[in-house]
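Please read the structure below before turning to the comments.
The values are calculated or read from the model by the stated rules, or taken from the named source; none is laboratory data. Being a predicted model, the structure only gives us computed values, none of them experimental. Note that each Cβ is placed from the backbone with ideal geometry, even for glycine, and that neighbours are counted across all protein chains shown. To get the accessible areas, we keep the full protein, side chains included, count just its heavy atoms, and leave off ligands, DNA and RNA. Shrake-Rupley method; radii C 1.70, N 1.55, O 1.52, S 1.80 Å.
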Amino acid sequence: MLKIGELSKLAQVSVKTLRYYDELGLFRPEWVDRYTGYRYYTLQQLPRLHRILTLKELGFPLVQIERLL
C-alpha cells in the first residue's frame, strides 16, 4: 500500500488534489487508518487516477468525470 505522499509523487499529482478527489468521492483511498487518518492507496488504483487526470486535461469538469467513470 502507498501513502498519499508516495502516490502523489508516483502519479505526479499534488496531495491536495488527491485529498480533494477523496472529498468529492471521485478517487477514494483503498484504506484510511481510523486512528491517524492516513490515506492508503494501491497500485491497482492508478489506472482510475490516470483516467481522471486525462479527462481533466481534456477539459471535462469533475462532475462530468464522476458520471463517466
Measure off 7 Å from each Cα along the Cα-to-Cβ vector at residue 57 and residue 32, then give the distance between these two points in nanometres to one decimal. 2.9 nm
Dividing the mean separation of Cα pairs under 8 Å (6+ apart) by the residue count of the chain yields a relative contact order in percent of 30 percent
Rounding to the nearest 20 debye, state how big the charge dipole of region 1-63 is about its Cα centre with +1 on each Lys and Arg Cβ and -1 on each Asp and Glu Cβ. 20 debye
Please compute the length gained on full extension between residue 22 and residue 9, using 0.36 nm multiplied by the number of residues separating them and subtracting their Cα-Cα distance. 3.0 nm
Classify region 3-69 as rounded, prolate or oblate, taking a ≥ b ≥ c as the square roots of the eigenvalues of its Cα gyration tensor: rounded when a/c is under 1.5, otherwise prolate if a/b is larger than b/c and oblate if not. prolate
Against the longest principal axis of the chain, how steep is helix 15-24, in degrees 0 to 90 to the nearest 10, with axes from Cα atoms? 70 degrees
Percent carbon-and-sulfur accessible area, the chain, ignoring ligands, DNA and RNA, probe 1.4 Å: 52 percent
